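Please read the structure below before turning to the comments.
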Amino acid sequence: MAIVAAPTASLDFTWRDASGSVGHTLVHIPDGTLAAVALTAAAALGALFAAMSDAVLLGYKLTYNRVENAPGTPVAGSRVEEKGNFIWTTADGRSTRFSIPAIKDTQLNTSGSVNRSAVAAAALIAAVVDVDAIFAGASGSDITAIFKAYQSFRRSTPAQLPTDG
Amino acid sequence: MDDTSSTAAVAVNVPSGSTLEQVDASAVTLASLVLPMTDCVLVKYRISWRFQYEDNALPDSGAGVAQCGAFIFEDDGGVTAGLVTIPSLKDDKLLDTGNGAGVLVDLADSDVSAMITGILDAAASNALGVPFSQLQAAYRQSRV
């Protein structure tokens, strides 16, 4: 098992026309392109594209893709709808969150809260709040502490329902 | 990915000024910490930077996004390599006389030539990494 890079990164420009409909322009660039170089190119391309179109350019997204070339087998009965929610406080006094799908029961207390003393949970929390880590809230402010951590269940989407039911 | 092949993501923010190397390393670290906590397996991850233009009011009129400019590029062997589409291509970027009037892109237009040069200067390629060498064809196409 190994994480491998896709051959290219992508620049996805998003447009909106007079009717409110949204369209995209997709440009691939070599994966080895530095992000700073790619973003400079994106800004330049955006200006060039805008001169060609009646639509307005809303923004763009630079994405690098990494793929596990030999993923293992999920644990039987695992469901992504079962979440381990982690809510964090940030240095600017706001909060941010992420969730871990199909969280293991071994990481939970009987109440459904995350057992912050469990080895894996403690390691995750320590790593995320580490001052040297780059993990941040949406504002870019550093994550400084865990606020809440608990299990919850999300409603299944139609695509997640069993196909043999 | 879970036992039913459904997928879900762990989405984490990082400062936009971070380098790809920093983010990539942090993503690998985070994955190694999350994997012991989940019954799912890791199949992929993405690193993205998003930018939003401040001036993005709806245009008053003009072509719909389905009326695209299709710019087809070829590799250095003359083989078709890939496509770049521009939604809502302006009418004045098309030839207005002769064969292909109203359909073919006017390659003599300064905005058109600047855009093509910009795409090639950006080392654009297709998704497999085959680099674009030059423009092969450009025309208006409805892409619904």
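Rule-based calculations on the coordinates, nothing more; no lab input. A quick note: this is a predicted structure, and the numbers were derived from the prediction, not measured. No Cβ is skipped: glycine too gets one built from the backbone with ideal geometry, and neighbour counts run over all protein chains shown.
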Review point. In nm, to one decimal, how far is the modelled label at A:S95 from the one at B:L128, with both set 7 Å along Cα→Cβ?
Key: 4.9
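Note down, for segment B:67-142, the three equivalent ellipsoid semi-axes (square root of 5 times each alpha carbon gyration tensor eigenvalue), biggest first, whole angstrom. Could the numbers behind the result be given before it?
Working: eigenvalues 96, 28, 26 Å².
Working from the Cα gyration tensor, I get semi-axes of 22, 12, 11 Å.
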Check your understanding: Calculated FRET efficiency, A:A44 and B:N56, Cβ-Cβ r, R0 22 Å, to nearest 0.05?
Key -> 0.75
Practice item. Choose one of B:F51, B:T4, B:L33: the residue whose Cα lies farthest towards the positive end of the charge dipole of segment B:1-54 (beta-carbon charges +1 Lys, Arg; -1 Asp, Glu; about the Cα centre). Key: B:F51
Exercise for review: Apply the Karplus parameterisation 6.51 cos²θ - 1.76 cosθ + 1.60, with θ equal to phi minus 60°, to every residue of segment A:15-31 and state each ³J(HN,Hα) to the nearest whole Hz, in sequence, with x for glycine and proline.
Suggested key: 10, 9, 9, 5, 7, x, 5, 10, x, 9, 10, 10, 10, 9, 9, x, 4
Check your understanding: For chain A, what relative contact order do you get, as a whole percent, if you take Cα pairs closer than 8 Å and at least 6 residues apart?
Key -> 22
Check your understanding: For the protein assembly as shown, what mean projected area does the convex hull of the alpha carbons give, in nm²?
Key -> 19.6
Practice item. Per residue, how big is the convex hull around the C-alpha atoms of segment B:1-54? Give it to me in cubic angstrom, could you? Key: 94
Revision key, fill the gap. Checking A:P101, A:P71, A:P30 against a Gaussian network model of chain A (alpha-carbon springs below 10 Å), the top fluctuating residue turns out to be A:P30
Exercise for review: From zero up to wherever the largest Cα-Cα distance of chain B sits, split into 5 Å bins and tell me the percent of pairs in each.
Suggested key: 2, 8, 12, 12, 13, 12, 12, 11, 9, 5, 3, 1, 0, 0
Review point. Cα-based count: Lys pairs in the protein assembly as shown below 19 Å, eight or more positions apart or different chains?
Key: 5
**Study point:** Inter-label distance for B:S5 and A:R155, nm, one decimal - labels placed 7 Å from Cα along Cα-to-Cβ
**Key:** 2.5
Revision key, fill the gap. Expected vector for segment A:41-54, Karplus 3J(HN,Hα) from phi with 6.51, -1.76, 1.60 and θ = phi - 60°, integer Hz, x for Gly and Pro, equals 5, 5, 4, 5, 5, x, 5, 5, 5, 4, 6, 9, 10, 7
**Study point:** Rg and Dmax of segment A:43-165, Cα atoms only, in Å
**Key:** 19.7, 60
Revision key, fill the gap. GNM on chain A, Cα springs under 10 Å; top mean-square fluctuation among A:A133, A:A44, A:A102 goes to A:A44
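If I take R0 = 30 Å and measure r between the Cβ atoms of B:A114 and A:T63 in this structure, what FRET efficiency does the formula 1/(1 + (r/R0)^6) give, to the nearest 0.05? It would help to have the intermediate numbers written out before the result.
Details: r = 25 Å, r/R0 = 0.84.
According to the calculation, E is roughly 0.75.
Give me the net charge of A:T73's neighbourhood, meaning all other residues with Cβ under 12 Å from the Cβ of A:T73; Lys, Arg count +1, Asp, Glu -1. Don't skip to the end; give the middle numbers.
Details: positive: none; negative: B:D2, B:D3, B:D39.
My count for the surroundings of A:T73 gives -3.
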Check your understanding: Can you pull the percent of Cα pairs in segment A:3-68 with separation above 17 Å?
Key -> 44
**Study point:** MRE, 222 nm, helices only [DSSP H, n ≥ 4, -39500 (n - 2.57), over chain A, to nearest 500]
**Key:** -5000 deg cm²/dmol
Check your understanding: Mean residue ellipticity at 222 nm from the helices of chain B, using -39,500 (n - 2.57) per DSSP H segment of n ≥ 4 over the full residue count, to the nearest 500 deg cm²/dmol?
Key -> -6000 deg cm²/dmol
Check your understanding: For segment B:61-140, what relative contact order do you get, as a whole percent, if you take Cα pairs closer than 8 Å and at least 6 residues apart?
Key -> 40
Revision key, fill the gap. Per GNM of chain B with C-alpha springs under 10 angstrom, the most fluctuating residue out of B:D96, B:D24, B:D60 is B:D24
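Averaged over peptide B:55-62, how many Cβ atoms belonging to another chain are found within 10 Å of each residue's Cβ? Write out the running numbers ahead of the final one.
On the way: counts 2, 7, 2, 7, 9, 2, 4, 7.
Per residue, the number of nearby Cβ atoms from other chains is 5 on average.
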Check your understanding: Applying the Karplus parametrisation 6.51 cos²θ - 1.76 cosθ + 1.60 with θ = phi - 60° to the phi angles of segment B:109-120, what ³J(HN,Hα) value in whole Hz is obtained for each residue in order, glycine and proline being reported as x?
Key -> 5, 5, 5, 5, 5, 5, 5, 4, 4, x, 5, 5
Review point. Amide H to amide H under 5 Å from B:K90: which residues, 5+ apart in sequence or cross-chain, H placed 1.01 Å off N in plane?
Key: A:S53, A:D54
